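Everything on this sheet refers to the single structure shown next.
Just so it is clear, none of the values below were taken in a lab; they were calculated from the coordinates. Treat the numbers as computed from the prediction; the structure is a model and nothing was measured. Glycine also receives a Cβ, built like all others from the backbone with ideal geometry; neighbour counts cover every protein chain displayed.
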Amino acid sequence: MIEWENLAKTNKPFFDEYKARFSEILESGWFILGKSVTEFEREFARYIGSKYCVGVGSGLDALVLSLKAFAFKPGSEIIVPANTYIATILAILHNNLKPVLVEPDIGTYTIDPDKIEEKITSKTVAIIVVHLYGKACDMDKIMRIANAYHLRIIEDCAQSHGAKYKGRTTGTFGDVAAFSFYPTKNLGALGDGGAVITDTLNFAERIRIFRSYGSQRKGYYELAGFNSRLDELQASFLRIKLKRLLQINKHKRTLAQLYLDNLNSEFIKPVVQEGYFDVYHIFAIRYPRRNELKEYLKGHEIMTEIHYPVPPHKQTVLQGALQGQAFPITEEIHNTILSLPCAFFHTEDDVMKVIEAMNRFSQEGSSDKKNNGL
């Protein structure tokens, strides 16, 4: 069987180092906000190319605390792509702000810059850009809009560790950037974890206070804070994996190129653009008969996933908030998208087997149409 992901296999190359580091942490007796977190924050900030990194409990927390640091007036509007993962929108709701959904580009799946301005009002205070599936957004156009309307930029980099736009790493364009280290990410921990990246000391300091009950000094509380701290174990594991992130991204790009070069043209493949360095956290194709294809591959012991089956505007949490609004491009993507095996543990032979099965499925479908006179 070709699994979509197997975290034991993905992490196996790091097991020996993990075990050694675990023993060190266990024997140290220091498990929260210690040396490992401090060192990881320094190393990850340097990798991204930013001044400050603050480790937090999850990617969602990174988004929530990033927005919290701005102290936006309740009810202010935040522009966000309509096809993002629900966490991006939950962070807006948790801050008593209003999500304003903007359709994505049908080719890149990232927010369409040409559709942003029509959604800007006197209440708009920020744009959250989501570098979805490991592909950066069109940051030149977005930054021009943000500057023209004096809007803040928050980058959701949960899926874009190491992705670049015109030579700049995602996470270095906005006021703050939120990262997730969920285990399936290119830089994945062995549990939940996240981080906020920023070049602004004030934001970094506020987020450090928020992550630890609103306190800078034990026993004294300045803000209504949270308990959201990247722990020593996860920071230790992430430090090990960060050293191999270039290798991980290179391998995933190699697998992605096999799909791009060899999949039948009936499958709508991710676009490749000059100036973009895609890291393929998820390699997603679109196909009109997505559900049939998924079942066919499953029958041939090839597992796939759907990211994501239900778009945000159809989720219960947003019912009523988007009354009368339509998002046809988002729905088209969600109804046809399929994520193919493209993990660190997959081999080129694995991917070629997936390609052969998919091409065979499309050819059989074409033959059926001809036989039916279609």
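Once the Cβ-Cβ distance between Lys35 and Asn96 is put in as r, and R0 is 25 Å, what FRET efficiency do you end up with, to the nearest 0.05?
0.10
Rg and Dmax of region 245-366, based on Cα coordinates, read 16.0, 48 Å.
Out of the DSSP beta bridges found with both residues in region 133-240, what percent are antiparallel (nearest 5)? In region 133-240, DSSP labels about 75 percent of beta bridges as antiparallel.
Computed extension gain for Leu7 through Lys119, at 0.36 nm per residue and net of the alpha carbon distance, reaches 36.3 nm. Summary of the geometry: region 51-93 and region 7-40, compared by the centres of their Cα atoms, lie 28 Å apart. At full extension, Arg244 and Lys298 could sit 16.3 nm farther apart than now, given 0.36 nm per residue minus the alpha carbon distance.
Residue pairs exceeding 18 angstrom between C-alpha atoms, taken from Lys68/Lys141; Lys51/Lys250; Lys250/Lys298; Lys98/Lys119; Lys73/Lys98; Lys135/Lys250: Lys68/Lys141; Lys51/Lys250; Lys250/Lys298.
Considering only the chain, what is the antiparallel percent among its DSSP beta bridges, to the nearest 5? Here the antiparallel bridges make up roughly 60 percent for the chain. One decimal place: the segment Gln319-Ser215 gains 33.8 nm when fully extended, by the rule 0.36 nm per residue minus the C-alpha distance. Taking the empirical scaling 2.2 N^0.38 Å for compact globular proteins as reference, region 1-130 has a Cα radius of gyration ratio of 1.40. With a simple spin-label model that places each label point 7 Å from the Cα along the Cα-to-Cβ direction, the separation between Leu26 and Asn335 comes to 5.3 nm. The trypsin sites (Lys or Arg not before Pro) found in region 320-370 include none that occupy coil by DSSP while having at most 12 further C-beta atoms within 10 Å.
Computed with the Debye formula from one identical point scatterer per Cα of region 58-102, without solvent, the log10 of I(q)/I(0) at q = 0.17, 0.26 Å⁻¹ comes to -0.40, -0.92. Per q in 0.13 Å⁻¹, report the Debye log10 I(q)/I(0) for the chain, using one uniform scatterer on each alpha carbon and no solvent. The Cα Debye sum returns log10 ratios of -1.07.
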